Amino acid sequence: MAAEKFRYRVEGMDCPSCAAKIENAVGRLDGVSSVQLNFGAERLTLSAQDAALPSVEAKIRALGFKPRLLDGGAPESGAKHDHAHHDCPGHSHRTHDGNSPAAHDHAGPAHYHDPADDIDAPWWQKPKARLAFGLGAALALAWGASHLLPAHAQIFYVFATAIGLIPFGRRAAILAVSGTPFSIELLMVVAALGAILIGEAAEASLVVFLFAVGELLENVAAGRARAGIKALADLVPRTALVRTAAGDRETPVEALTIGDIIVIRPGDRIGADGEIVEGRSDVDQSPITGESAPVAKETGADVSAGSINATGTLLVRVTRKAADNTIARIVHMVEEAQSSKAPFARFIERFSTWYTPGAMAVAALVILVPPLALGWDWDTWIYRGLALLLIACPCALVISTPAAIASGLSAGARRGLLIKGGAPLEIIGHLKTAAFDKTGTLTRGKPVVTDVIGSDVDEDELLRLAAAVERGSSHPTALAILAATEERAIAVPTAENTITHPGRGIGARVGTHDIAIGSPLHIATSAPLGADDAQRIAALEEDGKTVVILTRDGVFAGLIAVRDEPREDTAQAIRRLRELGIRPVMLTGDNERTGRAIAARLGIDVEAQLLPHEKLARINALKADGPVAMIGDGINDAPALAAASVGVAMGGGTDVALETADAALLHGRVSGIPQLVELSRATMSNVRQNVALALGLKAVFLVTTLTGSTSLWMAILADTGATVLVTANALRLLAWKKD
């Protein structure tokens, strides 16, 4: 039977260690060919034979986690096999609304599915919380009973310890035979059993209880970290108002299809990506871009799901289904990014692999050497060795890096800075050079009229005549002239007998006059320019502007200059990059004169007239001095984006930008580049703090354990405390704010 692809949600994965346990155990099962885990998103993806799924689910539950086959988890080959909505013989499950589905024949194997209500329950209703509360109650009862019957105190505490040791010991045994012999559970079980054997059952029960509390706190902290991404998904409303021939009706957003017309009233959240077909309004796009200022939108403009309509009513034609809207894609990409390990995280993971067995070996030496070599007391050194085992638990160390990385990725995504993995997040903070494309990146990508100079006509008349001739043209200069007339509310007359001369200009009859527009070089052949006009044109072109000449009845009437202006925040962003120690450089295919003019205004180095392969060569040359970021529009800069140490796409809402680059600025502002650097450095600083905190606490307690100052319960509390402190420190990044 061929292997098929399945997806599970696995509740309870709180750290990479949990994911590694499941990966090792499931990967060894017969019929399973590949396993991929993302603990941040609680997602398990595996290729397996259908008959292997009961074993997979049983193994995951035996390890203490709760699996649920997701909608769409059925084979991607298209086989009719919907596990999420069929009754399985001999088993029961519910649909997502909690109701029992109708009975169906099901040719596949019987599966068990945990109700979604159980997986999404509040933390205090989950198994880890129930176990911690139960152990706490058992410990309290044992303490009370020991005071009533002190002669039997050991029995009471052994009973309280056993309540926790049974599930933890079972999990440790399963892990040992499933590819994870040196698990955290094993360390705790050995320490607790050793404490009972030397007559310290009270401390053994406290150790087990504190271990359960530590697992619960990890679960709560992991849920807090995931809440940031869940909040993004929740920005999209559940329903939308669809306009039909029979009237408007409320429809679940999942049921919207491409082409549906939805009504967005003032104050409504937009339920789908779409295009405005009627209406004008200000739209708050802060959920997607992080920019709080509303943006004016009118007919023909695109809007994104999750944005808020501020003023007028809009009719929007749906252009993407719910599963493919901007918010859904951002959530998916951040979840995938969390599973992409940063280089430092991979180092810590490799280190922890050797750390645990090494710590067990040291604990064994502490137990054996003093009594055997020096004749010291066995009970004392067994006790200290067991305490050392508990201190050696690598929980805090293992979670120190991924917790910070996940928080950094989430903080960025919520502010319009989408980073596709831990590796680019780490590299961005070490950048030496930031290479920018010009058009559409440093500049707006849309030329505007900067100068209107008439000879024997005024400015408005010159624009009126030019717009009449250029109407209908898609040339950037023509669009700039038409936009200028609209801004000035100039009525544009109709032109007749329009003739286009490609590469030279355009002519038409407007009213009773023959009007021609073209480049200075072309027009000069038919309407010679005076010395003053030629000098003025040369000065404008030296300033990076494109000049067109207008003649009326063959006589020079005036000139219009246009330029692709820098974005408002570009100059400040360039200054900030220099303050951060990063050299900004412009790599443009535009001519040398235009490139120099823009670069001079922005205070940036420039290399102009570069063909795509020459840009690629320059990126490779710059990488010799250190990591390089290439910032472009994600379309024509794809080779350079791919070649750079980190590729950053501007206006990352486009498909190409999201797929091509390592990071995307959803708000399309150059200021996002220094913000990315600051976020990266804040995240890596948090990682270093976490590692220092985890190892520092262990070093302190190692010394106090060897000197006899640390009890067993203090040892496990130190490990739990370190895990909580590291996680809390990482969660601080969720509140990071861009400058």
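The values are calculated or read from the model by the stated rules, or taken from the named source; none is laboratory data. Because the structure is a prediction, the values reported are computed rather than measured. No Cβ is skipped: glycine too gets one built from the backbone with ideal geometry, and neighbour counts run over all protein chains shown. The area values use the complete protein model at the heavy-atom level, side chains included, leaving out ligands, DNA and RNA. Shrake-Rupley method; radii C 1.70, N 1.55, O 1.52, S 1.80 Å.
Would you tally the net charge around Gly708, using a Cβ to Cβ cut-off of less than 15 Å, leaving Gly708 out, and scoring K and R as +1, D and E as -1?
Values: positive: Arg384; negative: Glu200, Glu203, Asp377, Asp379.
That works out to -3.
Find out how many positive minus negative residues lie around Ile258, taking Lys and Arg as positive, Asp and Glu as negative, among other residues whose Cβ is under 9 Å from that of Ile258.
Working: positive: Arg317, Arg320, Lys321; negative: Asp260.
Computed value for this residue: +2.
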Check: Hey, with R₀ at 51 Å, roughly what FRET efficiency would Ala151 and Phe351 work out to, going by the Cβ-Cβ distance, to 0.05?
Finding: 0.60
Item checked: Residues with amide H under 5 Å from that of Ala557, placed H, sequence gap 5 or more -> Leu550, Thr551, Arg552
Checklist line | Karplus 3J(HN,Hα) series, Hz, for the range 127-141 with 6.51 cos²θ - 1.76 cosθ + 1.60 (x for Gly, Pro) | finding: x, 5, 5, 4, 5, 4, 5, x, 5, x, 5, 5, 5, 5, 5
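May I ask which of Lys446/Lys623; Lys297/Lys438; Lys5/Lys126; Lys21/Lys128; Lys438/Lys615; Lys66/Lys128 have a Cα-Cα span longer than 19 Å here? Provide the component values of the computation, followed by the final result.
Numbers: Lys446/Lys623 31 Å; Lys297/Lys438 26 Å; Lys5/Lys126 29 Å; Lys21/Lys128 17 Å; Lys438/Lys615 12 Å; Lys66/Lys128 11 Å.
Result: Lys446/Lys623; Lys297/Lys438; Lys5/Lys126 exceed 19 Å.
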Check: Using θ = phi - 60° and the Karplus curve 6.51 cos²θ - 1.76 cosθ + 1.60, what whole-Hz ³J(HN,Hα) does each residue of the range 445-461 get, with Gly and Pro shown as x?
Finding: x, 9, x, 10, 6, 10, 9, 10, 10, x, 9, 10, 9, 7, 4, 4, 5
Next item on the list: Using a 1.4 Å probe and ignoring any ligands, DNA or RNA, find the accessible area of Asp662 and quote it in Å² to the nearest 10.
Entry: 50
Margin query: Let me cross-check Lys66: its accessible surface, 1.4 Å probe, with only protein heavy atoms counted, in Å² to the nearest 10?
Written below: 40
Next item on the list: In vacuum, with every alpha carbon of the range 600-739 counted as one equal point scatterer, what does the Debye formula give for log10 I(q)/I(0) at q = 0.14, 0.22 Å⁻¹? Two decimals, please.
Entry: -0.78, -1.29
Notebook entry, point to check: Over all pairs of distinct alpha carbons, what does the Kirkwood formula give as the hydrodynamic radius of the range 518-574, in Å?
Noted result: 12.6
Checklist line | Within the range 427-465: backbone nitrogen closer than 20 Å to the Arg593 label point (7 Å, Cα to C-beta) | finding: 438-439, 447-454
Notebook entry, point to check: So what J values fall out for the range 693-700 if you push phi through Karplus, 6.51 cos²θ - 1.76 cosθ + 1.60 with θ = phi - 60°, rounded to Hz, Gly and Pro as x?
Noted result: 5, 5, 6, x, 4, 5, 5, 4
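Just to make sure I understand: if all protein chains stay in place, what is the order of Tyr157, Tyr355 by accessible area at 1.4 Å, largest first? Before the final figure, lay out the partial values.
Numbers: Tyr157 25, Tyr355 45 Å².
Of Tyr157, Tyr355, the descending order of accessible area is Tyr355, Tyr157.
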Notebook entry, point to check: If eta is 1.306 mPa s and T is 10 °C, what Stokes-Einstein diffusion coefficient results for the range 527-612, Kirkwood Rh from Cα pairs, in µm²/s?
Noted result: 107
Check: Which parts of the range 292-329 would a label at Asp248 reach, counting a residue when its backbone N lies under 12 Å from a point 7 Å out along Cα-to-Cβ?
Finding: 313-316
